[in-house]
Amino acid sequence: MYAAILAGGVGTRLWPRSRRSLPKQFADITGSGQTMIQATVSRIAHLVTPDRTFILTGEQYRSLAAQQIPALPAANILVEPSGRSTAPAIGLACIHLRKRDPDAVIAILHADHVFGDEAHYCTILQQAEIAAQAGYLAILGAEPEFPHTGYGYIKRSHSALTIPGDWPVFGVERFLEKPDLATAQRFLSEGGYYWNVGNFISRVDLLLGEFERQLPELYAGLLRIEAALDTDQATPVLQEVWPTLPNISIDHGIMEGAGQVAVVPLDAGWNDVGSWDTLETLRPADEQGNCLVQGDSVFIASRGNIISGGNRIIALVGVDNLVVVDTGDALLIGHKEQIQQVKQVVDELQNRDRLDLL
């Protein structure tokens with residue numbers, strides 16, 4: 001199995017720890033001692049060696065990827081000339097892999113995901129590989145822990161598919177957009193629904209076959225890029241073709257219309273770390289529910305706070321449910337229920353031309 005790790009994006013909802021110069025995937029957001037992309041590569045290290053691992057990112061992050069994953073061959077850092085959606089990026093990985101190993105199975109992963117039970121996650125990845133070898137486009141579906149309205153859902157078939165292995169694999173009846181609360185509650189009460197983790201596992205030939213069938217314009221562009229690989233025209237052709245490719249996600253462009261799609265249920269404490277308030281599910285809290293992600297702190301008559309500090313001690317007195325992030329040059333303080341509005345802070349800094357803080 002090969003792995004292609006999506007590592008683009010800036011992660012503005014995790015400002016000020018996540019910046020354009022050091023986005024969340026290249027930062028230690030969770031306080032683990034590793035950056036998020038380092039943790040992703042380490043998580044699968046016994047399944048996928050560095051020479052079989054690709055990282056997809058922007059040109060400005062090529063050196064960061066090389067520095068943080070030194071065992072990765074330089075040719076395995078695939079640069080997207082500009083930010084587009086996931087289908088073009090995944091297609092780019094697939095044509096590189098088809099040239100190297102046409103019969104390969106590829107796992108599409110994300111650099112900014114966290115799994116509490118990493119051993120179980122890897123076991124399920126192996127089960128998904130078996131499903132992929134059997135001719136399915138496999139996707140991981142996390143057992144929903146509560147009626148989340150910020151995730152897409154997957155509805156599985158009633159009966160398991162006949163696929164070897166120790167873990168059940170189901171057909172996919174349909175993909176569902178992010179629901180309202182009442183709909184999410186219904187999903188949980190009915191059962192058979194999973195959060196869409198966005199990890200896809202497939203034979204590369206089958207996945208590219210779906211590109212050709214469902215996204216012929218994108219596939220034609222990929223063929224032009226593929227023909228120039230390993231020549232002196234590789235970069236110019238990529239730069240020319242890339243802006244013309246349809247800007248569409250793999251979910252909408254491929255998975256929703258694919259023929260044989262399977263979901264492998266996963267119960268491994270998945271978290272996509274999309275905003276600061278999600279971190280309290282990853283780090284232990286004290287008796288008052290305060291969560292210290294990084295740094296040092298003192299809590300007096302304070303409950304339910306999240307702290308990501310640095311060299312200075314952070315003391316809270318008589319406050320509840322705050323997020324405090326201190327990076328030395330910037331200090332973020334916000335209520336947990338409104339902390340996703342940090343993107344508005346980033347927009348305001350942009351308006352003020354404070355590029356040094358972005």
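No value in this document is a laboratory result; all are computed from the given coordinates. Everything quoted here is computed from the prediction, not taken from an experiment. Cβ coordinates were reconstructed from backbone atoms using ideal geometry, including for glycine residues, and neighbour counts include every protein chain displayed.
Things worth noting here:
- C-alpha long axis of helix 342-351 to longest principal axis of the chain, angle in °: 90 degrees
- Alpha carbon convex hull of the stretch 276-357, projected area averaged over orientations, nm²: 5.4 nm²
- Karplus 3J(HN,Hα) series, Hz, for the stretch 217-230 with 6.51 cos²θ - 1.76 cosθ + 1.60 (x for Gly, Pro): 5, 5, 4, 4, x, 4, 4, 5, 5, 4, 5, 8, 4, 6
- Cα-based helix-to-principal-axis angle, 181-190 vs the chain, degrees rounded to 10: 60 degrees
- Tilt relative to the chain, helix 204-214 - C-alpha long axis, 0 to 90 degrees, to 10: 90 degrees
- At R0 = 41 Å, FRET efficiency that the Cβ-Cβ distance of residue 212 and residue 286 yields, to 0.05: 0.15
- Cross-link partners of residue 99 among aspartates and glutamates (Cα-Cα below 14 Å; sequence separation of 8 or more within a chain): 205, 226, 230
- In terms of other Cβ atoms within 10 Å, 255, 36, 1 run from fewest to most in the order 1, 255, 36.
- Classification of the chain by its C-alpha gyration tensor yields an oblate form. The axis ratio a/c (a ≥ b ≥ c) is 1.5 or more, and b/c is at least a/b.
- Share, in percent, of DSSP beta bridges within the stretch 2-271 that are antiparallel, nearest 5: 50 percent
- Efficiency of FRET between residue 160 and residue 220 - r from beta-carbon atoms, R0 35 angstrom, step 0.05: 0.40
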